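The values are calculated or read from the model by the stated rules, or taken from the named source; none is laboratory data. Remember, it's a predicted structure, so these values are computed and weren't measured experimentally. Backbone-built Cβ (ideal geometry, glycine too); neighbour counts: all protein chains shown. Ligands, DNA and RNA are excluded from the accessible area calculation, which covers all protein heavy atoms including side chains. Shrake-Rupley method; radii C 1.70, N 1.55, O 1.52, S 1.80 Å.
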Amino acid sequence: MELIRGIHNLRPEHQGCVLTIGNFDGVHLGHQAVIKQLVAKAKEYQLPSTVMVFEPQPQEVFARETAPARLSLLRDKVQLLAELGVDRLLCIQFNQHFSSLTAEQFISQLLVTQLAVKFLVVGDDFRFGQKRQGDFDLLLKAGQQHHFVVANTASFVLSQMRVSSTKIRAALSTNQLDDAQSMLGRKYALTGRVAHGKALGRTIGFPTANVFMKRQVVPVKGVYAVEVELASGERRTGMANIGTRPTVNGTRCQLEVHIFDFEGNLYGQRIRVELVAKLREEQPFASVEALTAQLHQDKLNAQSSLAQL
């Protein structure tokens, strides 16, 4: 899959495509249904299947700290969309300049001139352009004028419930990991590169792989039983804390993973941490001894949860 970073990197050879637009946060089963439709239509038209996403996501620009928690980072989207057979991913930097484009400019400059879209599939609630003035009806009219087809993404239904990123975030926040998994089509996971920490865990018998969270808001917090996929592809079990580590006066959100019976060096490697079961909320402890005692109990609880898989 070709990754195109920014409108300025669009070239004449990128003209002519079958396109869908959205955040695709989480690339859940609803998104996957849309992408499969897109890929099939692209083969029918004998054109590249193209997905347009925005970085940062629009709500993160307008709402900042109150924006919804991200389910996936751009790197995660790239991998998941590539696995679904997408030919091109156009990642547009969403900033004040881009958001100032009128709906008509968005259509004429980007969709018509630079991409020469032949088939466009978007939700009927899709809004775009300055002050969100553009809507599905405007795209239909533009399609008639500029000779491209506009199709609606019907809501994907799972057990009579509409699958959405909002519902997945709600399931994660209420510890309904099975519901989140059924909507995602996989276990919810956090990914990132292992960095050096303060090494406190190693001194008390619980060494951790530390990953600093890049996203503004994380959809999960607390202590979890986890499965870990290492950069080598090896899978291990363990437990993880997601939070600010109040016992050591932490302020930055961090993922700390203790992998059971593991002694290797993971610094600089990317890991994928799948959440299996929530064990407890993050909490401060009066002493390192109290923290250590709780970690021993957490390990027993995690092993019990993992044994049920």
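Can you work out the FRET efficiency for the pair VAL61 and ALA293, with r the C-beta to C-beta distance and R0 = 51 Å, to the nearest 0.05?
The pair VAL61/ALA293 has a calculated efficiency of 0.70.
Report, to two decimal places, the Cα Rg of the chain normalised by 2.2 N^0.38 Å (N = number of residues).
With N residues counted in the chain, Rg over 2.2 N^0.38 Å equals 1.12.
With the other protein chains left in place, how much accessible area per residue, in square angstrom, belongs to the chain at a 1.4 angstrom probe?
Ligands and nucleic acids excluded, the figure is 50 Å² per residue.
Once label points are set 7 Å from the Cα along Cα→Cβ at both LYS214 and LYS141, what is their separation, rounded to one decimal in nm?
4.0 nm
I need the phi-derived Karplus couplings for region 34-50: 6.51 cos²θ - 1.76 cosθ + 1.60, θ = phi - 60°, integer Hz, Gly and Pro marked x.
Karplus-based 3J(HN,Hα) across region 34-50 equals 5, 5, 4, 5, 4, 4, 5, 5, 4, 5, 4, 7, 6, 10, x, 7, 10 Hz.
Run the quick spin-label model on ARG202 and ALA40: label points 7 Å from Cα toward the beta carbon, then report their separation in nm to one decimal.
Spacing of the two 7 Å Cα→Cβ label points: 5.3 nm.
Skipping prolines and chain starts, which residues have an amide H placed within reach, meaning under 5 Å, of the one on PHE119, given they are 5 or more residues away or on another chain?
CYS17, LEU19, VAL149
Could you run the Karplus curve 6.51 cos²θ - 1.76 cosθ + 1.60 with θ = phi - 60° over region 180-189 and give me ³J(HN,Hα) per residue in whole Hz, x for Gly and Pro?
Result, ordered by residue: 4, 4, 5, 7, 7, x, 6, 5, 5, 9 Hz.
So how much accessible area does THR166 have, in Å² to the nearest 10, using a 1.4 Å probe?
Estimated to the nearest 10 Å², THR166 gives 90 Å².
Applying 1/(1 + (r/R0)^6) with R0 = 22 Å to the Cβ-Cβ distance of HIS97 and LEU10, what FRET efficiency is obtained, to the nearest 0.05?
That pair, HIS97 with LEU10, gives E of 0.90.
Is the shape of region 58-208 best called rounded, prolate or oblate, per the rule: a/c under 1.5 gives rounded, else a/b larger than b/c gives prolate, else oblate, with a ≥ b ≥ c the square roots of the Cα gyration tensor eigenvalues?
prolate
Which of LYS77/LYS118; LYS198/LYS221; LYS187/LYS214; LYS131/LYS278; LYS77/LYS299; LYS36/LYS278 have a Cα-Cα distance over 30 Å?
On the way: LYS77/LYS118 24 Å; LYS198/LYS221 20 Å; LYS187/LYS214 20 Å; LYS131/LYS278 40 Å; LYS77/LYS299 32 Å; LYS36/LYS278 33 Å.
Violating the 30 Å limit, Cα to Cα: LYS131/LYS278; LYS77/LYS299; LYS36/LYS278.
State whether region 171-303 is rounded, prolate or oblate according to the following rule on the C-alpha gyration tensor (a ≥ b ≥ c being the square roots of its eigenvalues): a/c under 1.5 gives rounded; otherwise a/b larger than b/c gives prolate, and the remaining case gives oblate. Intermediate values should be presented prior to the final figure.
On the way: a/c = 1.42, a/b = 1.19, b/c = 1.19.
Rounded, because the longest to shortest axis ratio a/c is under 1.5.
For region 93-133, just say rounded, prolate or oblate: build the C-alpha gyration tensor, square-root its eigenvalues into a ≥ b ≥ c, call rounded for a/c under 1.5, and beyond that prolate if a/b exceeds b/c, oblate if not.
Here region 93-133 falls in the oblate category.
³J(HN,Hα) across region 11-22 via Karplus (A = 6.51, B = -1.76, C = 1.60, θ = phi - 60°), whole Hz, x for Gly/Pro?
Calculated HN-Hα couplings, in order: 10, x, 5, 8, 6, x, 7, 9, 10, 10, 10, x Hz.
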